[in-house]
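Peer 1: Below you will find the structure I want to go over with you.
The values are calculated or read from the model by the stated rules, or taken from the named source; none is laboratory data. It should be emphasised that the depicted structure is a prediction, and the values quoted were computed from it without experimental measurement. Because the Cβ atoms are built from the backbone with ideal geometry, glycine has one as well, and the counts that use them run over all protein chains shown. The accessibility values were calculated without ligands, DNA or RNA, using every heavy atom of the protein model including side chains. Shrake-Rupley method; radii C 1.70, N 1.55, O 1.52, S 1.80 Å.
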2 protein chains.
Amino acid sequence: MRRNKTALLTRTALAAILLGGSFSIAQAKSPAPADLKKHGTTASDKYEPSLDVMQDQKLKQPGSEPGVPTLTKAEFEKANKIFFQRCAGCHGVLRKGATGKALTTDITRERGLQSLEDFITFGSPAGMPNWGTSGDLSKADINLMARYLMNEPPVPPEFGMAEVRKSWKVIIPVDKRPKKKLNKIDIDNIFSVTLRDSGEIALIDGKSKKILQIIKTGYAVHITRISSSGRYLFVIGRDAKIVMIDLWMKVPGPVAEIKIGAEARSVETSKYKGYEDKYAIAGAYWPPQFVIMDGKTLEPIKIVSTRGMTYDTQEYHPEPRVASILASHYKPEFLVTVKETGHVLMVDYSDIKNLKITDLEAERFLHDGGLDSTGRYFLVAANARNKVAVIDTKKDKLVALIDTKGTKPHPGRGANIIHPKYGPVWITSHLGDDVISLIGTDPKNHKKYAWKVVQTLEGQGGGALFVKSHPKSKHLYVDTTLNPDAELASSVAVFKIKDLTQKEPKYKVLPIGDWSGITEGVRRVVQGEYNKKGDEVWFSVWNGKSQESAIVVVDDKTLKLKHVIKDKRLITPTGKFNVYNTRKDIY
Amino acid sequence: MRRNKTALLTRTALAAILLGGSFSIAQAKSPAPADLKKHGTTASDKYEPSLDVMQDQKLKQPGSEPGVPTLTKAEFEKANKIFFQRCAGCHGVLRKGATGKALTTDITRERGLQSLEDFITFGSPAGMPNWGTSGDLSKADINLMARYLMNEPPVPPEFGMAEVRKSWKVIIPVDKRPKKKLNKIDIDNIFSVTLRDSGEIALIDGKSKKILQIIKTGYAVHITRISSSGRYLFVIGRDAKIVMIDLWMKVPGPVAEIKIGAEARSVETSKYKGYEDKYAIAGAYWPPQFVIMDGKTLEPIKIVSTRGMTYDTQEYHPEPRVASILASHYKPEFLVTVKETGHVLMVDYSDIKNLKITDLEAERFLHDGGLDSTGRYFLVAANARNKVAVIDTKKDKLVALIDTKGTKPHPGRGANIIHPKYGPVWITSHLGDDVISLIGTDPKNHKKYAWKVVQTLEGQGGGALFVKSHPKSKHLYVDTTLNPDAELASSVAVFKIKDLTQKEPKYKVLPIGDWSGITEGVRRVVQGEYNKKGDEVWFSVWNGKSQESAIVVVDDKTLKLKHVIKDKRLITPTGKFNVYNTRKDIY
């Protein structure tokens, strides 16, 4: 049942995802080459990126230099817009390079106008999209961008305490909030669902599957995290705006908000004993910094810049972005991963005035990750290096740096299962190919398998974003959300854990897109999430903004369709965060 | 006996000293107003600053912008030179302001050309020198500088591991060095004497007072520090070059060298039990960073950027320079003071791969300081804030921030005495006035005096650089090196510790300049330093580069002249570092 095979994502969209970026799904055009099933998407096609928040910033045009093409003010502004939409995700705001190559003026001027134009027009096998031949950019635009790149990059403004504080709003003060839960909702079984392109979240009751609330948040919502007690939700968007929601109120809603930078991805709350619900932390892409806040009001307390040296070559990087943040269960610490420089910062929040940070050398291009089943080890992907770094949160050390045997690991928070042969393993899928890697995580009872890829599975294809399981489940789910083949993109592979001892374990395909009953769009299926009990898995069926989307609930035991949640308000649902599983780090 | 009263230092020279900067002494011109005895020097006069190391850097000229005056390449280069010589010390390389005001283009363009020219010409009561009316800068130069300031500042290149490593030279490998001391020198009584303007140090035998060696080091030598064992000397110049000298060799000489940036001030070595002679550390002004090195070879191990947020307003600062560095005796830690942002970094060197830093909020514009008599508390001046911050090196906390009751404290490492009434106190003099402040340092047995200015003494005048005493001494010495009155500049005040209970303790004046027998020059007397036994104090008589200088040795008990060291090779002697006292932090 192959259809919608033509729905492609560009390499840029892929890269944008890789970098935690934002993109919207547009109409497909050209057919997918056959080998794209296995590999990540490579062909370039039109897509309509979301407006980048950077554009809200007034950027100062750098001065002109002899021998360097000049830009008018209007040209400069247009080029900025294109750069932020198409280029910044991979090349960085300051063009120092990350997933994409460095585009500093020493390089671009050496290359020269013609060479830059060619590069932008035709792309490269290394992953640069063919912006010209794809029709995305006109000849005039390409000439503009080539000239733009030969000028110094504009440096976006800083966003320090004055700006952060100015953005801070307490909507309902602590003393005006309920002293006990005022509703009958089983808050531990709420799902906070990202409605990506509408700048909202939906709170959905896990039992009734009814939408409890739609709450306006920030632009391009990225994730939800939950306070240790389960009372507060923290939602962060790409615009670095955090909205804090109180689930104890009669009608759950926002009680505080703040903006911690110009662009961001991550938020987390303190979880160590004695610090429950005490602090929140968020990490920014620009400026490169993280902000520690009061956990009940979002009042900003401390800003720490992440600018510094790359861990390996020890050269200064002006734009080391904060990727994922995770709260330790072993110490009063946040783990802050710094993408471009490859550091994992163990930020001790027990004394914020005298902030202690243990700075672990890990690997460059850190992105996302999660804890092993014991909660002691943090496994985080360095995606552009095809590595997973393992951090011991008890000893504050890097214990391993593992080649994942796949291309561009993207674990989300990963999945933990008990493998019939290798014991506890943590799993990641890949964006760049169909490899699913199982990493041993039990140095105590399965020492020889610990921190090794003990097995790789062949999944449906590349473009996988999330794997999922649950301590009570006998299954492992793998999506292929970004696969160019619409059938793969709209379905999920399920492995039986007990069958993993087979030589080439088979998977069952769940046609989630079909089950949704939606007939339009690509129906990308993304991010399985368990309910509190661990007997249902919820998948988003993610369509374009003007198309119908849905959430499909699967019975974990039978692998049968259990329920479809459809609602006009469910616009572009992506990540779903079950309160209990999220706050307890169950995945 | 008043003479040489006309020898003035400019405010700029004063500021340069404040910032640990470099300057040379030139001929005096105009008479000193009477009140300048008390206060620091204020009138501007010609002086000849040393060539700044920044000029070795190829600076990239920023592009021109509409409405902003342009500079030719030659003009840009000339303006750079003037800026680094005259302005950077106070205003910072990136013009963000420190002792001087911020001169970023938003400010300078708002002011406009005429206003900038006026400001540069006439100066301001707040401390800006009158570069025009003083005759230091021509009208054309002033116009050039005003235009220069309306353009973006050039950003000097980074100096990362590649550059640091390239500069590293092991002159004599460890296995080629002596296994035991091969000379008969009492190395603990050696004085390492900075010969400021010749880029050398003199090693002088404390007993015979003979010069053992003159050793070429870097440009504008700043300080010497000594490895815990006393075997190795580390000499750092303003050019950020470190020369490491082995005192065990038959003829003590350099065994390794390295450059850790473009400009620097501080070097230190690990002193905690188990880490003796293991690591060295140095802090740079540009790039703002510190470098941890192997203590036996200077091999660079880790570079840490100090760029980050100001401790108080929490705004990003691109140029937070490393001021003083001190090795803790209580933990395997270096204390790194960061000037512009006001942080004290407790850098744990027990695991350099997983570097742990406790970041204490102290006060902006940290400069120099030293330990209390127990070695537990570090007292460091925030000179532009007239404060001393007290760090508990055992608990890694700021314990106090003390208003010194004077203007611009400049303690060097300070002086520790047992006050007959207040018990153990630590002392600082001031650059800006004649106040000498005594701070109680014994929270255990003199709790009510701890971390308070318990007494102020009236000294000879402002422009004091160093106070000095010794556990065995009954005296406290205070120089007035930068006082505009040559009689004060060439003499030292001595207080009897037992007389400090008097209401207005009197001091005795030692005419060190006269005692030297030198008749030319200002004969500035600077930095008392004890011999190992603690019964002699050595003072430098610091004259211009082409003039005669000397070291005068005073009998600490009788306060009489004991010896004058004169030698053609003693060019511009300033700091003297007795091996034993320096490595044991006795002051």
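Peer 1: Please give, to one decimal in nm, the separation of the simple spin-label points placed at residue A:519 and residue B:186, each 7 Å out from Cα toward the Cβ.
Peer 2: Going by the 7 Å Cα→Cβ label model, 10.3 nm.
Peer 1: Taking all protein chains in place and a 1.4 Å probe, what share, in percent, of the accessible surface of the stretch B:58-167 do carbon and sulfur account for? Walk me through the intermediate numbers first.
Peer 2: Details: 2960 of 5150 Å².
Here carbon and sulfur together make up 58 percent of the probe-accessible area.
Peer 1: Please state, as a whole number in µm²/s, the translational diffusion coefficient that the Stokes-Einstein equation yields for the stretch A:422-473 at 20 °C and 1.002 mPa s, with Rh defined as the Kirkwood radius across alpha carbon pairs. Mind dumping the intermediate values first?
Peer 2: On the way: Rh = 11.6 Å.
It diffuses with D of about 185 µm²/s by this estimate.
Peer 1: Additional query: Distances in nm, one decimal, shortest first, from residue B:162 to the same residue in every other copy, taking the label point 7 angstrom along Cα→Cβ.
Peer 2: Between copies, matching label points for residue B:162 lie 3.6 nm apart.
Peer 1: What shape does the stretch B:361-432 take by its C-alpha gyration tensor, where a ≥ b ≥ c are the square roots of the eigenvalues and a/c under 1.5 counts as rounded, a/b above b/c as prolate, and the rest as oblate?
Peer 2: Numbers: a/c = 1.87, a/b = 1.12, b/c = 1.66.
It is oblate, given that a/c is not under 1.5 and a/b is not larger than b/c.
Peer 1: Nearest 500 deg cm²/dmol is fine: what mean residue ellipticity at 222 nm does chain A get from its DSSP H runs of n ≥ 4 alone, each adding -39,500 (n - 2.57), divided by its residue count? Before the final figure, lay out the partial values.
Peer 2: Details: 10 runs with 71 residues, N = 587.
Rounded to the nearest 500, the figure is -3000 deg cm²/dmol.
Peer 1: Now, a different point. Express in whole angstrom the spacing between the alpha-carbon centres of the stretch A:263-327 and the stretch B:177-226.
Peer 2: Measuring centre to centre over Cα atoms gives 47 Å.
Peer 1: Within the stretch A:444-549, report the GluC sites (Glu not before Pro) that DSSP leaves as loop and that have at most 15 other Cβ atoms within 10 Å.
Peer 2: Details: sites: A:458, A:487, A:520, A:529, A:536, A:548; in loops: A:520, A:548.
Taking the stretch A:444-549 and a limit of 15 other Cβ atoms within 10 Å, the loop GluC sites (Glu not before Pro) found are A:520.
Peer 1: Taking a quarter of the surface of the convex hull around the Cα atoms of the stretch B:325-408, what do you get in nm²?
Peer 2: If I average the Cα hull's projected area over directions, I get 5.1 nm².
Peer 1: Show the residues, 5+ positions off or on another chain, whose built amide H is closer than 5 Å to the amide H of residue A:575.
Peer 2: Distant-sequence amide H within range of residue A:575: A:194.
Peer 1: For residue B:184, what is the net charge nearby, where nearby means another residue's Cβ is under 14 Å from its Cβ and Lys, Arg count +1, Asp, Glu -1?
Peer 2: On the way: positive: B:180, B:181, B:207, B:210, B:250; negative: B:186, B:188, B:205.
Around residue B:184, the surrounding residues sum to +2.
Peer 1: Contour minus end-to-end for residue B:73 and residue B:353, with contour as 0.36 nm per residue of separation and end-to-end as the Cα-Cα distance? Let's see the in-between values first.
Peer 2: Values: separation 280, 0.36 × 280 = 100.80 nm, distance 4.40 nm.
So the extension gain works out to 96.4 nm.
Peer 1: OK, next. For the stretch B:499-538 and the stretch B:333-371, what is the separation of their C-alpha centers, rounded to whole Å?
Peer 2: 33
Peer 1: Can you tell me, using C-alpha contacts under 8 Å and at least 6 residues apart, the relative contact order of chain B as a whole percent? Intermediate values should be presented prior to the final figure.
Peer 2: Details: 1671 pairs, mean separation 67.4, N = 587.
Relative contact order here is 11 percent.
Peer 1: At R0 = 30 Å, how high is the FRET efficiency between residue B:162 and residue B:107 if r is their beta carbon distance? Nearest 0.05 is fine.
Peer 2: Details: r = 35 Å, r/R0 = 1.17.
Efficiency, rounded to the nearest 0.05: 0.30.
Peer 1: Follow-up. Which length gain, in nm to one decimal place, applies between residue B:299 and residue B:251 when the Cα-Cα distance is subtracted from 0.36 nm times their residue separation?
Peer 2: Numbers: separation 48, 0.36 × 48 = 17.28 nm, distance 2.32 nm.
Answer, rounded to one decimal: 15.0 nm.
Peer 1: Sort A:459-470, A:323-334, B:292-303, B:253-264 by packing, meaning the average of other beta carbons within 10 Å per residue, with the highest value first. Can you show the working numbers first?
Peer 2: On the way: A:459-470: 27.4, A:323-334: 22.8, B:292-303: 21.3, B:253-264: 24.5.
Order by mean packing, descending: A:459-470, B:253-264, A:323-334, B:292-303.
Peer 1: Extending each Cα 7 Å along its Cβ direction at residue A:535 and residue A:456, get the distance between those two points in nm, one decimal.
Peer 2: Those two pseudo-labels are separated by 3.8 nm.
Peer 1: Regarding chain B, what's the average projected area of the Cα-atom convex hull, expressed in nm²? Kindly include the intermediate steps, with their values, before the conclusion.
Peer 2: On the way: hull surface 99.6 nm².
That works out to 24.9 nm².
Peer 1: Let me ask something else about it. Measuring from a point 7 Å out along Cα→Cβ, what nm distances, shortest first, does residue A:176 have to its partners in the other copies?
Peer 2: 7.6
Peer 1: So with the 1.4 Å probe, I'd like the accessible area per residue for the protein assembly as shown, rounded to whole Å². Mind showing how you got there, number by number?
Peer 2: Values: 41860 Å² over 1174 residues.
Per residue, the protein assembly as shown has 36 Å² of solvent-accessible surface.
Peer 1: The stretch A:350-365: which residues show an accessible-area loss of 50 Å² or more, assembly versus chain alone, 1.4 Å probe?
Peer 2: Residues meeting the cut-off: A:353, A:354, A:356, A:361.
Peer 1: Just to be sure I understand: chains A and B are related by a rotation, so which residue of A has its Cβ closest to that axis, and how close in Å?
Peer 2: So the chain A residue sitting closest to the axis is A:63, 1.
Peer 1: How far apart, in nm, are two points set 7 Å out from the Cα along the Cα-to-Cβ line at residue A:216 and at residue A:403?
Peer 2: 5.2
Peer 1: Rounded to whole Hz and in sequence order, give me ³J(HN,Hα) for the stretch B:336-353 from the Karplus expression 6.51 cos²θ - 1.76 cosθ + 1.60, θ = phi - 60°, writing x for Gly and Pro.
Peer 2: The phi angles translate into 10, 9, 10, 4, 5, 9, x, 9, 10, 9, 8, 9, 7, 9, 6, 8, 6, 5 Hz.
Peer 1: Suppose R0 equals 22 Å; then what is the FRET efficiency for residue A:569 and residue A:169 from their Cβ-Cβ distance, rounded to the nearest 0.05? Provide the component values of the computation, followed by the final result.
Peer 2: Details: r = 25 Å, r/R0 = 1.12.
Approximately 0.35, to the nearest 0.05.
Peer 1: Which residues, if any, in the stretch B:315-329 lose at least 30 square angstrom of accessible heavy-atom surface (probe 1.4 Å) when the other protein chains sit next to their chain rather than the chain being alone?
Peer 2: Buried-area filter returns B:316.
Peer 1: Please report the buried accessible area for the interface of A with B, total over both chains, probe 1.4 Å, in Å² to the nearest 100. Can you show the working numbers first?
Peer 2: Values: alone 22290 and 22330 Å², together 41860 Å².
Answer for the A-B pair: about 2800 Å² buried.
Peer 1: Let me ask something else about it. Classify the protein assembly as shown as rounded, prolate or oblate from the Cα gyration tensor: take a ≥ b ≥ c as the square roots of its eigenvalues, call it rounded if a/c is under 1.5, otherwise prolate when a/b beats b/c and oblate if not. Spell out each step's value before the answer.
Peer 2: Values: a/c = 2.27, a/b = 1.91, b/c = 1.19.
Taking the square roots of the gyration eigenvalues as a ≥ b ≥ c, the protein assembly as shown is prolate.
Peer 1: Then there is this: For the stretch B:289-310, state which residues have at least 20 Å² less accessible area in the presence of all protein chains than in their chain by itself, taking the probe as 1.4 Å and leaving out ligands, DNA and RNA.
Peer 2: Buried-area filter returns B:302, B:303, B:305, B:307, B:309.
Peer 1: Two decimals is fine: what is log10 I(q)/I(0) at q = 0.15, 0.19 Å⁻¹ for the stretch B:180-266, from a Debye sum with one equal scatterer on every Cα and no solvent?
Peer 2: -0.49, -0.78
Peer 1: Let me check I've understood the local charge: for residue A:500, count other residues with C-beta under 12 angstrom from its C-beta, Lys and Arg +1, Asp and Glu -1. What total comes out?
Peer 2: Details: positive: A:421, A:474, A:496, A:498, A:503, A:506; negative: A:499, A:504.
Local charge sum for residue A:500: +4.
Peer 1: Between residue A:490 and residues 5 or more places away or on another chain, which pairs have amide H atoms under 5 Å apart, with H built 1.01 Å from N, and which residues are they?
Peer 2: When sequence neighbours closer than 5 places are left aside, the close amide H contacts are A:525.
Peer 1: Which value results when the Cα radius of gyration for the stretch B:499-550 is divided by 2.2 N^0.38 Å?
Peer 2: Normalised Cα radius of gyration, the stretch B:499-550: 1.43.
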